[in-house]
Each structure stands twice: as C-alpha cells, then as structure tokens.
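*Asks:* Submitted below is the structure of interest, expressed as structure tokens.
Only the coordinates and a few stated rules stand behind these numbers; no lab work does. In this text, all values refer to a predicted model and were calculated from it rather than measured experimentally.
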Amino acid sequence: MSTSLLRIETHTGQPIRIKDSELRVRSQVVQLRLPIANGGLIWNRPVDVLVSNSHRQEQILPIQDLTRVAILMLAGLCFTSMFLLILFRRK
C-alpha cells in the first residue's frame, strides 16, 4: 500500500457493447490521505469515453464536468466578493 499523501490515478471501466461499438468510461481518482487524522479525501471525476468500433477505429469523447465548473465559479465569486467587501469597508 502506498504511503504518499496525494495520489492521482485514471481508471477505465468495463466495456459496454452497443451494436458494433464498444464503450469504455474513464475516470480520474484523486486521493488525499491525512496520516494525522487517520483518514482522507477521495474525489472521483469523469474524464472521457473511449469508443471503439468493429474496424478497430478509436475515438475519445471528453466529458465536461459541469458540477466542477459550477463549484469553481462559486468559489471564485465568494473570494471576489470577500475581497471587495474588505476593500470597501476600509474606506
């Protein structure tokens, strides 16, 4: 077992057959281990879908994680509003 504090891995799911195509979902796992608290944080996020057809042609379709985009936008809005509040309260 790895003792690193931060580990990032990419996992590929089981193939799903649809007509003459095969789909595989790939996801990324970010693990943050906290040895002091004997715990940590695990975050799974979708990355892309790998599509293979019967002619052995492969295509990668990226997945847009809209939840992550929304969370980052809200965090940015929060920090911006806090900065502006502190800036205007001093005047």
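*Asks:* Find the relative contact order for region 6-64 and round it to a whole percent, using C-alpha pairs within less than 8 Å whose residues are 6+ positions apart.
*Replies:* On the way: 116 pairs, mean separation 17.0, N = 59.
Reported as a whole number, the value is 29 percent.
*Asks:* In degrees between 0 and 90, to the nearest 10, how far off the longest principal axis of the chain does helix 66-89 point, with axes built from Cα atoms?
*Replies:* Long axis of 66-89 versus the principal axis of the chain: about 10 degrees.
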